[in-house]
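The values are calculated or read from the model by the stated rules, or taken from the named source; none is laboratory data. None of the values given here were measured: they were computed from a predicted structure. In this analysis, Cβ positions are derived from the backbone assuming ideal geometry, glycine residues included, and neighbour counts consider all displayed protein chains.
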Amino acid sequence: MPNQRNQILDREAIQSKIKRIAFQILENNYQEEKLYIIGIEGGGAILAKKISQELESISQLKPIFLSVNIDKSSPSDSKVVLSEDVEIAKNAVVLLVDDVLNSGKTIFYTLRSLLDLNLSKIETAFLVNRAHRSFPIAANYTGIEIATTIQEHINFNWSEEGFGVYLE
């Protein structure tokens, strides 16, 4: 179980951040016909699913949830694979979601695979923004921004025991 002293966000705070992010997404996309919410496999996919569920509960939007698999340790050499073989609609909105925005490398290479789809816009959402950017990626929606050293790590525990975000 993670050390409670290093906890940044507990269950209640995470749920509050997800709700706030969902309202912000709704405010900026309430007129959109197609909204795809694509989570980076792992914590990003879990967060994307929770944002999708929250959007469905507060609005008439029916987001289409997908997850994407990319090798985070070597995204430039990795193939981007969607969880379902679905053709993303022309002029749709895509929201890319990951748990932590650090260097921007994973999102950058995921975005690169979507650029030829003729989308109306692409937005990004992260629960934690560390702001250690090496790639030109900005967060449209952020749960929390924290200053960390490059040696520190943000860890998520999505299990019932120790559910939360931790600085290690």
Selection from the range 123-144 of residues over 14 Å from Thr110 (Cα atoms), at pLDDT 95 or above and of a type in the set (S, T, N, Q) yields Asn140, Thr142
(1) on the phi > 0 side of the Ramachandran plot; (2) at pLDDT below 85 all hold for Asp116 apart from (1)
- Message: For the structure I just gave you, tell me whether Ser67 is among the polar types (S, T, N, Q) and more than 24 Å from Glu87 (Cβ to Cβ).
- Response: no
When the range 9-34 is checked residue by residue, the ones that are closer than 14 Å to Val93 by Cα, surrounded by fewer than 22 Cβ atoms within 10 Å (Cβ to Cβ) and touching a residue at least 40 places away in the same chain (Cβ under 8 Å) are Asn28, Asn29, Glu32, Glu33, Lys34
In the range 61-92, residues that are at pLDDT 75 or above and small (Gly, Ala, Ser) total 5
TODO: Assess whether Val68 counts as being closer than 20 Å to Leu127 by Cβ and not small (Gly, Ala, Ser).
DONE: yes
In the set Glu123, Glu41, Glu54, the lone residue that is in contact with a Ser or Thr (Cβ under 6 Å, 6 or more places away or on another chain) and within 21 Å of Ile14 (Cβ to Cβ) is Glu41
In the range 37-52, anything among the hydrophobic types (A, V, I, L, M, F, W, C) and not in a helix (DSSP H, G or I) is listed as Ile37, Ile38, Ile40
